[in-house]
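Below is one structure, written out as C-alpha cells; comments come after it.
The values are calculated or read from the model by the stated rules, or taken from the named source; none is laboratory data. Remember, predicted model here, so these are calculated numbers, not experimental data. Heads up, the Cβs are rebuilt from the backbone with ideal geometry, glycines too, and the neighbour counts pull from every protein chain shown.
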Amino acid sequence: MELKLNRPLAIFDLETTGVNVGSDRIVEISILRVNLNGSTDIKTMLINPTIPIPPEVTAIHHITDEDVKDKPSFDEVANELNQFLANCDLAGFNSNKFDIPLLVEEFLRAEVDFEIKNRRFIDVMNIFHKMEPRNLSAAYKFYCNASLENAHSAEADTIATYEILKAQLEKYQDIEYKDKNGKISKPIQNDVKALHDFSFQNKNADMVGHLIYDEKNVEVFNFGKYKGKSVEEVFKKEPSYYDWMMKSQFPLTTKKAITVIKLRSFNNR
C-alpha cells in the first residue's frame, strides 16, 4: 500500500558510537526520502564522529575508526542534511526514543537550525509493539492458539507460562538463530542449561544486568556514563563512583557484586 502524504517523509537510520544521546555521535546516516509523487531519493554517508568508536560498538555495525577518519564531520554535512530533510516528516525504527533525539542533538552541536516543531514523527517499532503486544496473553495466543482466561491471576499465568515454554520447544527445535556477531546456532533445545543461556541478552555479572561480562569475561558497566567500561578500572580511576553507587538505590545484588570487584582490586595491588 502506497503512503498518503501531504509532505515528504524521511525514513532514516543511524549508526553511532553508542547509545547515549548526550555524548555519543553519528558515524553513518541513511535517509530514504519518499516524495509526494511516490518517488524516492536516498542519501547515505559515513561521518567522522571526531571521537573513537568503541570496539564493542564496531563489532555490531562493523564501522571502524579507519573507515571514518577521512570522512566529513557532522558539522561539515549538517547544512546539506538539513536541506535534504527540509519540510519532511520523520520515520524510523525506535526513532522517537533514540534516532531523532540524537539527530537533533547533532544539529544543535553544529549550530544548525533544524526545526522540529511542526514535523510529525512515525516510530515503526512502537506501531509494531502496540499492534503485536509482547505480553503473556499475546504469547499464549501466539504459541498455544488459545485465549488466556483469568489473566493476571498468579496460578493462571504460571500454568500458561509452562504451556508456552513447551510450545516454544516444539516450534523452535532445530530452527537456526543468528546472533549479533553473525554466529548461527540452534539454541532452542530441550535442555535447561541451553534455555538458560539463550534467555539472557547479556551475560550478567549481577542479577539485574547493571553489570555484564564483555567478550573478555571482564565485568563492565551496562548503564550510565561508563557503559562498556571495566568496573574495576573505573573504581581505580574514580573511587567516588563506587561510593556513589553504594549510597544510591541500586539493588543489593549489584552492590554486593561491585563490593566483590572493589575488594578483589584492592587485594591484587
Exercise. Do we find that Val208 is within 25 Å of Thr17 (Cβ to Cβ), touching a helix residue (DSSP H, G or I) at 6+ places or on another chain (Cβ under 9 Å) and of a type in the set (Val, Ile, Thr) in this structure?
Worked result: no
Exercise. If the Cβ limit is 6 Å and pairs must be 6+ apart or interchain, which residue in the range 178-191 that is over 19 Å from Ile60 (Cβ atoms) pairs with which residue that is surrounded by 10 or more Cβ atoms within 10 Å (Cβ to Cβ) and among the aliphatic types (A, V, I, L, M)?
Worked result: Asn190/Leu169
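In the range 65-99, what residues are part of a loop (DSSP other than H, G, I, E, B), surrounded by 14 or more Cβ atoms within 10 Å (Cβ to Cβ) and on the phi < 0 side of the Ramachandran plot?
From the range 65-99, those part of a loop (DSSP other than H, G, I, E, B) are 69-72, 85-88, 93-94; that's our starting set.
Then drop every residue that is not surrounded by 14 or more Cβ atoms within 10 Å (Cβ to Cβ), which leaves 71-72, 85, 88, 93-94.
Result: Lys71, Pro72, Leu85, Cys88, Phe93.
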Exercise. Which residue, of Ile53, Ile31, Ile11, is at pLDDT 95 or above, assigned to a loop (DSSP other than H, G, I, E, B) and either crowded, with 19+ Cβ neighbours inside 10 Å or at positive phi (or both)?
Worked result: Ile53
Problem set entry | Single residue of Arg33, Arg7, Arg25 found to be touching a Ser or Thr at 6+ places or on another chain (Cβ under 6 Å) and under 26 Å from Val124 (Cβ atoms) | Arg25
Exercise. Which one of these does Glu155 not meet: (1) of a type in the set (Asp, Glu); (2) exposed (fewer than 13 other Cβ atoms within 10 Å of the Cβ); (3) under 18 Å from the mean Cα position of the chain (by Cα)?
Worked result: (3)
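Which of the residues spanning the range 121-152 are of a type in the set (Lys, Arg) and either assigned to a helix (DSSP H, G or I) or surrounded by 12 or more Cβ atoms within 10 Å (Cβ to Cβ) (or both)?
Lys130, Lys141
For every residue, the table says whether it meets (1) among the polar types (S, T, N, Q); (2) touching a Ser or Thr at 6+ places or on another chain (Cβ under 8 Å).
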position	(1), (2)
Asp41	no, no
Asn48	yes, yes
Ile51	no, yes
Pro55	no, no
Thr58	yes, yes
Glu76	no, no
Leu81	no, no
Exercise. Is there a residue being out of contact with any helix residue (DSSP H, G or I) (no Cβ under 9 Å at 6 or more places or on another chain), of a type in the set (A, V, I, L, M, F, W, C), without any contact (Cβ under 8 Å) to a residue 12 or more places away in the chain and closer than 26 Å to Glu56 by Cβ anywhere in the range 136-159?
Worked result: no
